[in-house]
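Single-structure report; data block below.
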Amino acid sequence: MDVRERRETVLRVIIEDYITGAVPVSSKAIVERYGLRVSPATIRNDTAYLEQEGYITHPHHSAGSVPTDKAYRYYVESIGDEIDLSPAEQHLIHQISQEAREELEQWLKTVAALLARLVHNLVVITTPKAIRCRFKHLDLVDLRDFMALLIVVMYESKIRRQVLSFNRKISQDELTNIANKLTFLYAGMTSSEILAKKEGLSAEESQISECLAAMIAAEDKLEYGEPYLEGLRLLLSQPEFTNSPRMLSILELLEGENWLRNIFCQEFSKGEVKIVIGGENPEPALQDLSLIASQYGVPDKASGIVGVIGPKRMDYPKAISSLTYLSTLLSNSVVEYT
């Protein structure tokens, strides 16, 4: 083993040992645990070189080595594309996800919770969002006086509700007939298509169709689908965040209005796994964390995002392989809901 190979080995040992133990890695530990046939003094020279190159740092002079963002980036790039979940883990994800497929919302929550347990970190999944939402059917429910509840179902498994007020009392039978008529007339249409097809409607029917088009248009304007979070407790229980003020900044970020945009600030290509490490993220609250995310869905039809958020010393091979497998599973399933 030449000097370059040894230094690469030492760096990899430091990274993997720190990921596992969350404590600085000493030169003596590197020699004893990994059987390198060199002295601790040689390892100290190697770590001095790695520190000079920006790959490691030391909390204080006598402490062991801690990987930097540059080291984690080197590690991630060196992993390559040949990491896969074990067959047993693939079977577990597939089996559990199959058990909750009746409703998209429950299925995504189940998948998010499972992924969080696998990677021991925070998981974010957004519902698949269509490029253009399409109307499926509607129901109208008589409330009281001149009011009714409009229930709109879209092909993307989205259900939206709105209370309407009319100028006259409308019976439930008439509301049902209107709902059936508009469903037959508009099924499969986008917001603009609904607005373009309003001839021959009564005043109430026209009012409902305009509200229907507005509700679908509002969905089209959303940047992301509805997000589901699982594993926040797992993230905050990591040693880095125990009694740390950084925990508060993370919670404040998640409570913010644009938190999803701040986290997923990257452009995605289908099948691509994005990895953002520490200071690579422009959001200050995330610069002590790493984000691994992927887009899933059907090209030019509907897509969502699934991501893992954790400390920079997360188990990258496990997180990447879990995310890659799950993204494929989600993409194959989106067809059933669109």
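Side notes on the structure shown:
- Listed values [x] 21.2; [y] 25.5; [z] 15.9, entry calculated as mean projected area of the Cα convex hull in nm²: [x]
- Expected 222 nm ellipticity per residue - DSSP helices of 4 or more, -39500 (n - 2.57), all of the chain, to 500: -15000 deg cm²/dmol
- Added length on full extension, which subtracts the Cα-Cα distance from 0.36 nm per residue, R144 to L92: 13.8 nm
- The trypsin sites (Lys or Arg not before Pro) found in the stretch 15-83 that occupy coil by DSSP, while having at most 15 further C-beta atoms within 10 Å, are R37.
- Candidate lysines for bridging to K28, where Cα separation is under 21 Å - those fewer than 8 sequence places away on the same chain excluded: none
- For the cross-link pairs K158/K198; K169/K221; K70/K318; K70/K274, the ones whose C-alpha atoms lie over 28 Å apart are K169/K221.
- Cβ-placed point charges (K, R +1; D, E -1), dipole of the stretch 67-207 about Cα centre in debye, nearest 20: 500 debye
- Between amide H atoms placed 1.01 Å from N, distances below 5 Å from I56 occur with E51, T68, all of them 5 or more places distant or on a separate chain.
Since every read-out is calculated from the coordinates, none of them should be taken as a lab result. Small disclaimer: the values here were computed from a predicted structure and weren't measured. Every residue, glycine as well, gets a Cβ built from its backbone with ideal geometry; the counts of neighbours run over all protein chains shown.
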